[in-house]
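A short write-up of the structure that comes next.
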Amino acid sequence: RFSAGTTVLTSLNDECLLSIEEAIRLDACAIAPMVAVGGEFEAVTIKNLAACADFTARYSIPTLGVTAVGRELVRDARYLGLAARVCAENGANFVKTYYCDEGFEKVVAACPVPIVIAGGKKLPESEALELAYKAVQSGARGVDMGRNIFQAENPAAMIQAVRAVVHKFAKPSEAFELYKD
């Protein structure tokens, strides 16, 4: 979690503290506070995002609002759209959220800043490429995949395949062939 001087620890949002000076020293390309809309710590996480966005704006470092989805929250278009919009309206320059099969276009249309999707749990490579494709086709600007890339059998090939889907609009089957090659 980013802190502009005060520390608020919660069981949900127990991330490491980072000063703006350290972010600059590390040449951070963005800072990503998590927001738990509808969760027990909603107000605290929204306050953290807003403080982060205000502070990072002074240094032209973008803020990525990350929508948290706990076990008690539903990953549907209504919730994801609300959470993404809360992030944007509290200063996020772009938003990371989950993809949903029904209504994701509405999530993107209702959010005034670009959306990237979370990769989620580890999927077989072909399914992760399908997820990226569906999200981009529905309006997402990109993906933020961790384990679906670094836990792939060939991470370098997987990142090239994901890049083909996101930047070259390759179909999942074409990207999977690229991955296998």
> Anyone know which of Asp27, Asp54, Asp101 comes out most mobile in the 10 Å Cα GNM of the chain?
Replying inline: Asp27
> What is the set of long-range amide H partners of Val143 at a cut-off below 5 Å, with H atoms built 1.01 Å from backbone N?
Replying inline: Ile117
> What's the local net charge at Glu21, with K and R +1, D and E -1, over the other residues with C-beta under 13 Å away?
Replying inline: 0
> Hey, could you pull the Cα Rg and Dmax for region 25-75, both in Å?
Replying inline: 12.4, 38
>> If the only charges are +1 at each Lys and Arg Cβ and -1 at each Asp and Glu Cβ, what is the size of the charge dipole of region 79-162 around the Cα centre, to the nearest 20 debye?
In response: 220 debye
> Nearest 20 debye, what's the magnitude of the dipole of the chain about its Cα centre given +1 on Lys and Arg Cβ and -1 on Asp and Glu Cβ?
Replying inline: 200 debye
> Counting Lys +1, Arg +1, Asp -1, Glu -1, what net charge surrounds Thr97 among other residues with beta carbon under 11 Å of its beta carbon?
Replying inline: +2
>> Show me the ranking of peptides 74-85, 142-153 by mean Cβ neighbours inside 10 Å, starting with the highest.
In response: 74-85, 142-153
>> Out of the total accessible area of region 62-160 (probe 1.4 Å, heavy atoms of protein only), what percent is carbon and sulfur?
In response: 48 percent
>> Can you tally the net charge around Val116? Count Lys and Arg as +1, Asp and Glu as -1, for every other residue whose Cβ sits under 11 Å from the Cβ of Val116.
In response: +1
>> Can you tell me the orientation of helix 155-168 relative to the chain, as the angle in degrees between its alpha-carbon axis and the longest Cα principal axis, to the nearest 10?
In response: 90 degrees
>> Could you report the chain's accessible area per residue, 1.4 Å probe, as an integer in Å²?
In response: 54 Å²
>> Viscosity 0.692 mPa s, temperature 37 °C: give me the Stokes-Einstein translational D for the chain in µm²/s, with Rh taken as the Kirkwood radius over C-alpha pairs.
In response: 194 µm²/s
> Tyr98's amide H: which non-local residues (gap 5+, or another chain) put their own amide H closer than 5 Å, with H modeled 1.01 Å from N in plane and none for Pro or chain starts?
Replying inline: Ala118
>> Please check: in the Gaussian network model of the chain (C-alpha springs, under 10 Å), which one of Lys134, Lys168, Lys96 has the largest mean-square fluctuation.
In response: Lys168
> Can you run phi through the Karplus equation (6.51, -1.76, 1.60; θ = phi - 60°) for region 136-142 and list ³J(HN,Hα) in whole Hz, with x for Gly and Pro?
Replying inline: 5, 5, 8, x, 5, 7, x
> Among Glu21, Glu42, Glu105, which one moves the most in a GNM of the chain with springs linking Cα atoms closer than 10 Å?
Replying inline: Glu21
> Which whole-number percent is the relative contact order of the chain (Cα, under 8 Å, 6+ apart)?
Replying inline: 14 percent
>> Output the 0 to 90 degree angle, nearest 10, between the alpha-carbon long axis of helix 77-89 and the longest principal axis computed from the alpha carbons of the chain.
In response: 50 degrees
>> For the pair Ser19/Gln137, report the inter-label distance in nm, with labels modelled 7 Å from Cα in the Cβ direction.
In response: 4.9 nm
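The values are calculated or read from the model by the stated rules, or taken from the named source; none is laboratory data. Source: prediction; values computed, not measured. Using ideal geometry, Cβ is built from the backbone for each residue, glycine included, and neighbour counts are taken over all protein chains shown. Areas reflect the complete protein model, heavy atoms only, side chains present, ligands, DNA and RNA absent. Shrake-Rupley method; radii C 1.70, N 1.55, O 1.52, S 1.80 Å.
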